[in-house]
């Protein structure tokens, strides 16, 4: 356990810079977005009301109130989120390959540590998870701050206020990242964890058998995906909807856990027996 | 410890931020306005069993929330994960699923497909394969549950004479003695001519064979510019009915340069007795069928309704002695004196009327004489609190 925590901390410190960059990028771009969107709304209001002498009530009727919804749906807001997702996705691979591709093959030292080699696997997957949750948590803190920013810029009569919860329920794209309930959070990110573990196993296959390993890895990913959706396929085409939705969910969770266990077992085998430096 | 500060700080922030978000979101569920049925006159007890279903959409959001308005106020459907997963099958189906869990496996949650009486629960559906040229392999899937001993009888039977069938759907399932009746709507294609008919298949449950089938209402039409619609009038799904009421509407298709219009020509109401297989056309000369809408059938009485300005004119018609009862009218009021979107239902001799819009009348009346027992209105409980723009649309009425 101690060794595992040390390794996680170590891995986390290695990604801390990238993590900090993603966080500050998100912060800066989203705040600029709030300012730009609010300004453009205010400028339009100025132009209509003071230059074209449109009554305020009529302006509000034809252009609507300013709400945080407009900001959330802009590239300013969603762009950084996409960049962060891409960043994490990229790092899933980099977290392994940087150990091999560095100036001195760092993996050599990692594998020599007096602890089970599976801890390396656990530490890396934990780091990815912490990074992801870190970004989600940061976004959750950032949202109220940004709403406050908008409130200071746009006068109250032009504004219609929404809470964070209300924003999320009306934004299906965002509720994948921040689901409405804790159960969904666990299920969504649990699935994410499963996917990462399968990819890790494929990476380790490549690191063990090189070219042949790429093929083996792809086959492994394909098999895992088919097994994962197998309950759904059976339900649809063979069993004619035999299971109730709740039962299907339980089956899916069990299938997911089996694949996770298989990935960990396979990775342990590869790390201890087959890995090459 | 100093070595770990970044790590510990990040974990703390994650736990606090995500934890606070989910704790606060469960504490403060979305605040929707409360709707009530306000009593204007009459006995408020009358609306105790009444349920109005609809959806509420605030101007800020694209997604509506389903709600039920009853005499106790309004309840919104929770949008929790499990509820979304299970879906919202009709209340009747939900009851079936709870009571007969095994039998209900793999059954489509459509009320029309089910029949229930004290001893049996029957289910029938049809499936077929769509081809690029035409549909084929029409098959009925039938299941009958014997409630007493819990035995399930399931079988598949090919649809007879399905050569020209294009499309078929099960509109109703009835059971009389040992026979199961499937009332279907069949669309056939003859070259480029489509015609629709109400068809009845009689299935003997004991030997699992289709013993008889016939078209109840044939819609073979000579002219190509007319179109015939066939509609089976729905009844309470959980009650056995020996009579079927079918409405046949003939429409003239008028093709203009810009558009295709349909003009009403003729409407016929046909009553079909399942046991005797007798067909009868209900003719009510004093009722102009293009104006009067057939609203409800409760087994022995058909209720025709017609909106006349701000009044709803109701004519009961007995199919037992083929006699139209005395018509009565009920005065309604709606937003800006505009009355529309009526929802009506009849249960236990009482007529329930509501409207899809807000601030419209809710009326409970004696179905035979039209005597008003209750009059009320769906309104916001506290309109001063609600400053947001919203839309309330009620689309279903039912009586528990």
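Brief remarks follow.
- Separation of region B:47-124 and region B:197-214, taken as the distance between their Cα centroids, equals 31 angstrom.
- Legend: mean number of C-beta atoms from other chains within 10 angstrom of residue C-beta atoms, peptide A:165-175, equals 3.
- A simple spin-label model places the labels of residue B:179 and residue A:116 7.1 nm from each other, with each point 7 Å out along Cα-to-Cβ.
- In chain A, the DSSP-assigned H stretches of four residues or longer account for a calculated mean residue ellipticity at 222 nm of -27000 deg cm²/dmol, using -39500 (n - 2.57) per stretch and the full residue count as denominator.
- Averaged over the residues of A:243-255, the number of partner chain Cβ atoms lying within 10 Å of the residue Cβ comes to 2.
- Degrees between helix B:5-27 axis and first principal axis of chain B (Cα, 0 to 90, nearest 10): 50
- Three-way shape label, region B:79-212, alpha-carbon gyration tensor, a/c 1.5: oblate
- Applying 1/(1 + (r/R0)^6) with R0 = 56 Å to the Cβ-Cβ distance of residue A:211 and residue A:51 gives a FRET efficiency near 0.25.
- Taking the alpha carbon gyration tensor of the protein assembly as shown, multiplying each eigenvalue by 5 and rooting it gives semi-axes of 58, 37, 23 Å, largest first.
- Among B:366-377, A:135-146, the order from most to least packed when residues are scored by Cβ within 10 Å on average: A:135-146, B:366-377
- At R0 = 41 Å, FRET efficiency that the Cβ-Cβ distance of residue B:151 and residue B:266 yields, to 0.05: 0.30
- On Cα atoms only, tilt of A:245-269 relative to the major axis of chain A in degrees: 50
- Average beta-carbon neighbours from other chains, 10 Å sphere, peptide B:19-26: 5
- Three-way shape call for chain B based on the alpha-carbon gyration tensor, with the a/c threshold at 1.5: oblate
- At R0 = 35 Å, FRET efficiency that the Cβ-Cβ distance of residue A:183 and residue A:1 yields, to 0.05: 0.80
- Spacing of the two label points (7 Å from each Cα toward its C-beta) at residue A:62 and residue B:212, in nm: 7.0
- For peptides A:21-27, B:147-153, sequence by mean Cβ density within 10 Å, most packed first: A:21-27, B:147-153
- Within region B:148-175: backbone nitrogen closer than 14 Å to the residue A:240 label point (7 Å, Cα to C-beta): B:153-159
- Extending 7 Å from Cα along the Cβ direction at residue B:3 and again at residue B:382 yields two label points whose distance is 5.9 nm.
- Residue of B:300, B:318, B:211 that the Gaussian network model of chain B assigns the largest fluctuation, springs spanning Cα pairs under 10 Å: B:211
- Length-normalised contact order for chain A - Cα pairs under 8 Å, 6+ apart - percent: 22
Just so you know, all these numbers are worked out from the coordinates, no wet-lab data involved. Since this is a predicted model, take the numbers as computed values, not measurements. Neighbour counts run over all protein chains shown; Cβ positions are idealised from the backbone, glycine included.
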